[in-house]
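The values are calculated or read from the model by the stated rules, or taken from the named source; none is laboratory data. None of these values were measured; they are calculated from a predicted model. Every residue, glycine among them, receives a Cβ derived from its backbone with ideal geometry; neighbour counts consider all protein chains shown. Note: accessible area is taken over every heavy atom of the protein model, side chains too, but ligands, DNA and RNA are not part of it. Shrake-Rupley method; radii C 1.70, N 1.55, O 1.52, S 1.80 Å.
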Amino acid sequence: MDKNQTLNLRRKHIGPSCKIFFSHDPIKIVRAKGQYMYDEKGQRYLDCINNVAHVGHCHPDVVKAGAEQMEQLNTNSRFLHDNLVLFAQKLQATLPERLSVCYFVNSGSEANDLALRLAWQYTNNRDVITLENAYHGHVSSLIDISPYKLQHQSDVEHNPSVHVAPSPDVYRGKYRADHADPATAYADEVKDIIDKAHSKRRKIAAFIAESLQSCGGQVIPPAGYFQQVAKHVRKAGGVFIADEVQVGFGRVGSHFWAFQLQGDDFVPDIVTMGKPIGNGHPMSCVVTTKEVAEAFMSSGMEYFNTFGGNPVSCAIGLAVLDVIEKEDLRGNAVRVGRHLTHLLEKQKEKHLLIGDIRGVGLFVGVELVRDRTKLTPATAEAQEVIYRLKEEHILLSADGPHRNVLKFKPPMCFSVEDADLVVEKIDLILTGTRPLLQKWTKNRRKGALNGKTYLQSKESSLFG
């Protein structure tokens, strides 16, 4: 179909709250391969966004595994099948020994919803501690623990069983890099929340956190934070849930799971995973301890998921794990991630608009600010960068509570040459945004515009 016809049908039949990238001039993608996507005219785009196509779009080994199994059988997990147990065994081998029981589901939201059910049943408590700017999924149980979604809605009634702790952000947060011990300071905030909950006769079921905050702005928790939080939460009778939906499966390079960056002495009670697990195929998993699983069983309610753990999904999951190992994608994440970060640090020396570079492996954030002292978010400039990159046929996104953090989370086959190209284009674009920054500063001094008004006018021009 003609692109406009596709767009008109989408407007007619797809819910208006389902947003589309680059709404004033969306891209119609018709095929993809590796780290590249192609529009209906054959134009190639470098994909820096898709952490779902983890081992590369349409990887032949993954496609073959799914197609061959689909030709033979696809059914539910109530029948015995080798794929289910072999995938569970291979997945568990990447995790600490005590995380040994798997529940296969179909999306990150399903996984996190099930993780809450496990926590509630195991602890017989209800309250959940989450982090500022967290996002854990779109189902009803998760919206309440996803401040990232709720922060712009003033009319939402607060759920008394949900408690929000400060994001462990050492750049913009309450305790910063110059603090003597930010890990302890942020963990003590969680302890204070627990104490206040107990004073109101409330009991903690779980603390849940993305191992590295993604939607929250590529936040890397200080080492030792999770260990101390887990100690406080477990003492209160709760469990620790590590959400690896965005950052798992070797994206950080040095480790298979991002929670392992905290050290060998930290092991969550429940781990959730999704997105990259199927390289675009809808599947996810919850892994927990035998004790938690047995408590879930003791409720007397059978757990059954029609599509979770089906033979096709498990064949695809096995293929993804094989490709990660065979193509040394963790090693690639280390090498290319280090190169990308080095290039970006050089840009920080050149462009005052870059306030912070942070990340691990192929999970990197570039925070843009108008003032490095006040940390005034450069939201409009961040949007300009991603729109200008789109014109250069490079796909990047901006996120964080102020939408001013450029997010790198590309397919794991992303190369040194790809990093060189993106940073070269960002350099050219940021050089061109200097007049924009000067204009904003000039207007602020004159008092002609406040920052919000100018920002809104700039963003409206970007989004059409």
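Report, by residue number, each residue of the stretch 70-111 that is farther than 17 Å from residue 249 by Cβ, touching a strand residue (DSSP E or B) at 6+ places or on another chain (Cβ under 8 Å) and among the small types (Gly, Ala, Ser). Across the stretch 70-111, the qualifying residues are 77, 100. As for the stretch 16-34, it holds at least one residue that is touching a residue at least 40 places away in the same chain (Cβ under 8 Å), open to solvent by less than 30 Å² (accessible area, probe 1.4 Å) and not in a loop (DSSP other than H, G, I, E, B). So residue 304 fits all but one of (1) under 21 Å from the mean Cα position of the chain (by Cα); (2) aromatic (Phe, Trp, Tyr); (3) open to solvent by 10 Å² or more (accessible area, probe 1.4 Å); what number is the exception? So the condition that residue 304 fails would be (1). If you check 88, 67, 119 for being assigned to a helix (DSSP H, G or I) and either β-branched (Val, Ile, Thr) or farther than 19 Å from residue 284 by Cβ (or both), only one passes: 67. Residue 234 fulfils the conditions (1) of a type in the set (D, E, K, R); (2) surrounded by fewer than 20 Cβ atoms within 10 Å (Cβ to Cβ); (3) not in a helix (DSSP H, G or I) except for a single criterion, (3). Any residue that is farther than 23 Å from residue 257 by Cβ, free of Cβ contacts under 8 Å to residues at least 24 places away in the same chain, part of a loop (DSSP other than H, G, I, E, B) and among the basic types (Lys, Arg) - is there at least one of those in the stretch 37-54? Looking through the stretch 37-54, at least one residue is farther than 23 Å from residue 257 by Cβ, free of Cβ contacts under 8 Å to residues at least 24 places away in the same chain, part of a loop (DSSP other than H, G, I, E, B) and among the basic types (Lys, Arg). Among residues of the stretch 197-214 being without any contact (Cβ under 8 Å) to a residue 12 or more places away in the chain and not small (Gly, Ala, Ser), the one that is surrounded by the fewest Cβ atoms within 10 Å (Cβ to Cβ) is 201. Against the list (1) more than 28 Å from residue 170 (Cβ to Cβ); (2) at pLDDT below 95; (3) open to solvent by 70 Å² or more (accessible area, probe 1.4 Å); (4) not acidic (Asp, Glu), the condition residue 428 fails is (2). Can you spot a residue in the stretch 391-400 that is open to solvent by less than 10 Å² (accessible area, probe 1.4 Å), touching a residue at least 60 places away in the same chain (Cβ under 8 Å) and not hydrophobic (A, V, I, L, M, F, W, C)? Checking the stretch 391-400: at least one residue is open to solvent by less than 10 Å² (accessible area, probe 1.4 Å), touching a residue at least 60 places away in the same chain (Cβ under 8 Å) and not hydrophobic (A, V, I, L, M, F, W, C).
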